[in-house]
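Structure record follows, encoded as structure tokens.
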Amino acid sequence: MTTRKKSRSTRSTKDGLKNRPGPNRTAGNRIGSDDSGNATVSKSSSRSTVSGPAHRGESSAESAGDALAAKFDSTQKLAADMPYNANKALEHGELSMQPQEGQRITASDPSATGSTLTETNPSNKTGAGKPQLGTNPSSLPLDRVRVDSSGQTLTTNQGVPVADNQNSLKAGYRGPVLLQDFILREKITHFDHERIPERIVHARGSAAHGFFECYDSLKKYTAASLFAEAGKRTPVFVRFSTVIGERGSADTVRDVRGFAVKFYTDQGNWDLVGNNIPVFFIQDAMKFPDLVHAAKPEPHFAVPQASTAHDTFWDFISLMPESTHMMLWVMSDRAIPRSFRMMQGFGVHTFRLVNDDGDSRFVKFHWNPMAGTHSLDWDEAVKISGADADFHRRDLWEAIESGAYPEYEFGMQIFTEEQAEKFSFDVLDATKIVPEELVPVTPVGKMVLNRNPDNFFAETEQVAFCAAHIVPGLDFSNDPLLAGRIHSYQDTQISRLGGPNFHEIPINAPVAPPHNNQRDGMHRQAI
Ligand code: HEM
């Protein structure tokens, strides 16, 4: 059972800010001051800031009368409020199968968990030292990182005004150029490092913002908050892609199309990383690197680009009978869509829905474009590839700019394990569909793409979808292809996006504020 101690009453007021150490008016002790010039910190600069007295009661804010003593005191109280781990027994045996909510202790004074007493010394850089308690600003809307440079002076990355952006600094009229020209060096160095690795697959893509709107409550089937009530809207970012071509390859090549949706739900991000074909080439993740190597350009001369008309691919396919179903789709006009607006999407794998009572059902996810599903024919596709390599990218962008927002209906095939047992095929096999004659698709909501990204690199290129990103109320099935994907995405993104903190890149940050004890790593921003 969860044990919760009553939290101590705080010296609190509504905004919580007055919980912070109060001003110390003792003369001669000032090592920092607030706006009004009041001292805010300790009496003595020689006192350690890393620990308080060994025994509770030896010191108190009242007796010492300063902010550091108050911090010691409240830290002691916080530790004393959880003298042992009352939940420990629940981590073992049968009980561990039903994890309980953990203990919660509220500090009597925010200074107990604050990092420094000088937080309240304001400047234009640090701000007023009044962070909103309990919030994580990385989850604020993208506006927090939108930059408006109109009417501004050109500066370096350090904010230093640039006098001359056209000529390097020279010793004399004709040089040589001086090494100390930090403006030239900064400009060139940044340019030198502009490129990041492209995605190992799905390198070529285009994306848009929008929202998902739920038609009716699905509480009976799932605890997922985005399906909790009719009309509920959840922001999304959707990236459509080809699979094999490089980042600059043509849009209308014959290929599978990616259809990846990031739902920024109020219980964290759910990424439904799907394709426009309902099945896949293989059943087991072990074969994925071999499949992709076979389909990518041949290693000795890097031909062909964005296509699979070559020996390595057909060697693979001819030895892999389970790929036949997928190949029939790939060789149909489905693999040369007319537009991203006219493309279906599929989760491909069997997933699970889990409701509040813990009841689980299998589910297959479907996207259906409201504009209908349309394809090019081969002659059109070939011609367009030459005339306008950006045909799909342009089409998506221009449709949204002109207010013709692409819409897709979201549908689910929901079935029980007992039903699945009776099917003549395995629902954990991604080379098979679940026929709609057996399990009809139930429409559950619609998605509208109503806003173009502002910066292709910051949003479309740096977005990181991951098959492992699910939310409460959804779960994986034992599909062995899905298991490989759960590992692969985050793993590849660590090198593609340069370290383990890419969840802090604004386009990837959830709107549900993250709070945990992970720390450090390349490009850490949270303070
Ligand atoms: C074991 C099988 C698979 C593995 C190991 C795998 C791995 C990957 C990797 C490494 C990426 C690049 C991610 C990045 O750099 O951000 C990727 C992208 C993608 N994969 Fe898979 N994949 C597999 C199967 C599938 C399947 C079955 C689907 C469709 C249901 C799929 C859909 C996608 C999509 C849509 C993207 C592009 C996401 C974006 O727009 O950024 N993949 N995959």
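The values are calculated or read from the model by the stated rules, or taken from the named source; none is laboratory data. Small disclaimer: the values here were computed from a predicted structure and weren't measured. Glycine also receives a Cβ, built like all others from the backbone with ideal geometry; neighbour counts cover every protein chain displayed. The protein model used for the area step is the full one, side chains on, heavy atoms only, and it has no ligands, DNA or RNA in it. Shrake-Rupley method; radii C 1.70, N 1.55, O 1.52, S 1.80 Å.
Select from region 422-472 the residues that are closer than 25 Å to Pro369 by Cβ, within 16 Å of the ligand (Cβ to nearest atom) and either open to solvent by 20 Å² or more (accessible area, probe 1.4 Å) or outside the structural domain of Pro369 (by TED's automatic domain parsing) (or both) and list them in ascending order.
Passing the criteria: Lys432, Ile433, Phe456, His469, Ile470.
Which of (1) over 25 Å from the mean Cα position of the chain (by Cα); (2) assigned to a strand (DSSP E or B) does Leu328 not meet, given it meets every other one?
Tallying (1) over 25 Å from the mean Cα position of the chain (by Cα); (2) assigned to a strand (DSSP E or B), Leu328 fails exactly one: (2).
Which residues, counting only those in region 123-143, are loosely packed, with under 13 Cβ neighbours inside 10 Å and modelled with pLDDT under 95?
Residues satisfying the conditions are Ser123, Asn124, Lys125, Thr126, Gly127, Gln132, Gly134, Thr135.
Return a yes/no flag: does region 272-286 have any residue that is farther than 21 Å from Asp395 by Cα, in a loop (DSSP other than H, G, I, E, B) and away from the ligand (no atom under 13 Å from the Cβ).
no
Of all residues in region 370-408 being in a loop (DSSP other than H, G, I, E, B), touching an Asp or Glu at 6+ places or on another chain (Cβ under 7 Å) and farther than 14 Å from Arg254 by Cα, which is most open to solvent (accessible area, probe 1.4 Å)?
Ranking the candidates gives Met370 first.
Okay, residues lined up against (1) away from the ligand (no atom under 16 Å from the Cβ); (2) closer than 23 Å to Ala381 by Cβ; (3) in a loop (DSSP other than H, G, I, E, B):
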site	(1), (2), (3)
Pro289	no, no, no
His293	no, no, no
Pro297	yes, yes, yes
Phe301	yes, no, yes
Gln305	yes, yes, yes
Ala309	yes, yes, yes
Phe316	no, no, no
Glu322	no, no, no
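Might you let me know whether region 506-523 holds any residue that is of a type in the set (Asp, Glu) and either touching a His at 6+ places or on another chain (Cβ under 6 Å) or in the same structural domain as Asn355 (by TED's automatic domain parsing) (or both)?
No: region 506-523 contains no residue that is of a type in the set (Asp, Glu) and either touching a His at 6+ places or on another chain (Cβ under 6 Å) or in the same structural domain as Asn355 (by TED's automatic domain parsing) (or both).
Can you spot a residue in region 202-224 that is in contact with a helix residue (DSSP H, G or I) (Cβ under 6 Å, 6 or more places away or on another chain), open to solvent by less than 20 Å² (accessible area, probe 1.4 Å) and aromatic (Phe, Trp, Tyr)?
Checking region 202-224: not a single residue is in contact with a helix residue (DSSP H, G or I) (Cβ under 6 Å, 6 or more places away or on another chain), open to solvent by less than 20 Å² (accessible area, probe 1.4 Å) and aromatic (Phe, Trp, Tyr).
Away from the ligand (no atom under 14 Å from the Cβ), of a type in the set (D, E, K, R) and under 21 Å from Arg394 (Cα atoms), is that true of Arg341?
Criteria met by Arg341.
So that you can scan it fast, the table gives a plain yes or no per residue for (1) outside any helix (DSSP H, G or I); (2) surrounded by fewer than 17 Cβ atoms within 10 Å (Cβ to Cβ); (3) within 12 Å of the ligand (Cβ to nearest atom):
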position	(1), (2), (3)
Asp475	yes, yes, no
Leu481	no, no, yes
Gly484	no, no, yes
His487	no, yes, yes
Gln493	no, no, yes
Asn508	yes, no, yes
Ala512	yes, yes, no
Asn516	yes, yes, no
Arg519	yes, yes, no
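Just to be sure, is Val201 within 16 Å of the ligand (Cβ to nearest atom) and in a loop (DSSP other than H, G, I, E, B)?
In short, yes.
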